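What follows is calculated from the coordinates using simple rules that are stated; it is not laboratory data. If you're wondering where the values come from, they're calculated on a predicted model, not measured in any experiment. Positions of Cβ are generated from backbone atoms using ideal geometry, with glycine treated the same way; all protein chains shown enter the neighbour counts.
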């Protein structure tokens, strides 16, 4: 009976409470579960870069959730990882992927961060004898040794000029030579060193009078070529010669290039005492004054393929290196000209006789490279 009376009393009190008090009561009951939003923790350290240099390196870092969402709270926004560029660029080169291109920079290595010592590896351009090379970061400098002066690339003795020349601090960078034009354009203002005295010109590093210059077309000097020959001839067919034993030699590397010194001598089968090089043909005479021509000469076969006998007797023959016109002298010193020479028939005006009527040279041996010792031994035997 008492319990029932208490319940009734509470109900009556609730009905009698003001409306504001009743709202407070309801709110207090709902706050038993508060909303909690997600929260990220701090970012971790950046990881290692994927490249030491270049233009492709990246690195990442990560983070984790420090507090999860509760009671309907908002979740964490954003990513758990972050990426950024790293080690980009090449201070001494050009970026290329995960490395650098160092061409022409004076540096080497994956990132062009190792200096090249040009003085040590010999790639410098300082004077080879009197120049002093000093390595620098990314390059080098050249100076002249004591007692010499110049820019380090060209060093000459101080006040030690040759005859007909004198020392100048700002001499002509383009001195007059036997071959230079008075209207030449000089790339530099002046140079330090010896210059020719007034009225002289430079020729082969010597100052001479203009009247002493070699005539045009006479070249500048003689260059010795190894080997021994008693006769030599040059033409479009290259350089051909015979030694004291009448052995025949062709100079490799001279076909089509009359200015070339060639690379070696090749012994050609046969025997001639005199020879003349023309345009894709070679003429010669043997010890009996018999006349022969070399056939089959071309770019692919510069030493030719075989010899053909030409009727007649000459002690000396000469063929033009351009037109293939032929002149000769016999044992009586009578002069002869070969008629009927054409581009398609450089030897004779009529078709050659049948093979059985030809007088062949001795059977040819395979072409072989002749050493200069062979030439010398043949000459002395």
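Using a 7 Å offset from Cα along Cα-Cβ at residue 299, what residues in region 235-266 end up with backbone N under 12 Å from the label point?
From region 235-266, the list is 256.
For the pair residue 132/residue 306, report the inter-label distance in nm, with labels modelled 7 Å from Cα in the Cβ direction.
7.1
From the P(r) of region 238-282, could you give the percentage of C-alpha pairs in the tail past 11 Å?
The proportion of pairs with Cα distances above 11 Å equals 64 percent.
Using the eigenvalues of the Cα gyration tensor, what equivalent ellipsoid semi-axes result for region 262-342 when each is taken as the square root of five times the eigenvalue, whole Å, largest first?
Values: eigenvalues 93, 45, 23 Å².
With the √(5λ) rule applied to region 262-342, the semi-axes are 22, 15, 11 Å.
Taking neighbour counts of Cβ atoms within 10 Å as a proxy for exposure, in what order, fewest first, do 118, 258, 146 appear? Please list the in-between numbers first.
Numbers: 118 19, 258 14, 146 8.
Least to most surrounded, the residues fall as 146, 258, 118.
Note down the Stokes-Einstein diffusion coefficient of region 109-244 in µm²/s, whole number, using a Kirkwood radius over alpha carbon pairs, 25 °C, and 0.890 mPa s.
D, rounded to a whole number, is 129 µm²/s.
Please compute one quarter of the surface area of the Cα convex hull for region 184-225 and express it in square nanometres.
The directionally averaged projection comes out at 4.9 nm².
Give, in nm to one decimal, the length gained when the segment between residue 188 and residue 163 is fully stretched (0.36 nm per residue of separation minus the Cα-Cα distance).
6.5 nm
Can you put 283, 265, 43 in order of Cβ neighbours within 10 angstrom, beginning with the fewest? Show your work: numbers first, answer last.
Details: 283 29, 265 23, 43 13.
If I rank by nearby Cβ atoms, fewest first, I get 43, 265, 283.
Taking every alpha carbon pair in region 30-88, what does the distance histogram look like in 10 angstrom bins from 0, in percent?
22, 31, 22, 15, 7, 3, 0
With viscosity set to 0.890 mPa s at 25 °C, what whole-number translational diffusion coefficient in µm²/s follows for region 67-107 from Stokes-Einstein and a Kirkwood radius over Cα pairs? Before the final figure, lay out each step's value.
Details: Rh = 14.5 Å.
It comes out at roughly 169 µm²/s.
In what sequence do 158, 291 fall when counting other Cβ within 10 Å, fewest first?
The order, fewest Cβ neighbours first, is 158, 291.
Between residue 257 and residue 342, what is the label-to-label distance in nm when each label sits 7 Å out along the Cα-to-Cβ direction?
Distance between the two pseudo-spin positions: 3.4 nm.
Figure the gain on full extension for residue 43 and residue 177 (residue separation times 0.36 nm, minus the Cα-Cα span) and round it to one decimal in nm.
Details: separation 134, 0.36 × 134 = 48.24 nm, distance 7.68 nm.
So the chain would gain 40.6 nm between residue 43 and residue 177.
Please work out the FRET efficiency for the pair residue 325 and residue 121, using the Cβ-Cβ distance as r and a Förster radius of 51 Å; give the result to the nearest 0.05.
Details: r = 56 Å, r/R0 = 1.11.
Efficiency for this residue pair is about 0.35.
Checking a compactness column here: for region 189-323, what do you get for Rg(Cα) / (2.2 N^0.38 Å), N being the number of residues?
For region 189-323, the normalised Cα radius of gyration is 1.41.
Report the convex hull volume per residue for region 36-188, counting only C-alpha atoms, in Å³.
Per-residue hull volume (Cα only) is 198 Å³.
At 7 Å along Cα-to-Cβ for each site, give me the label-to-label distance between residue 67 and residue 198 in nm.
10.0
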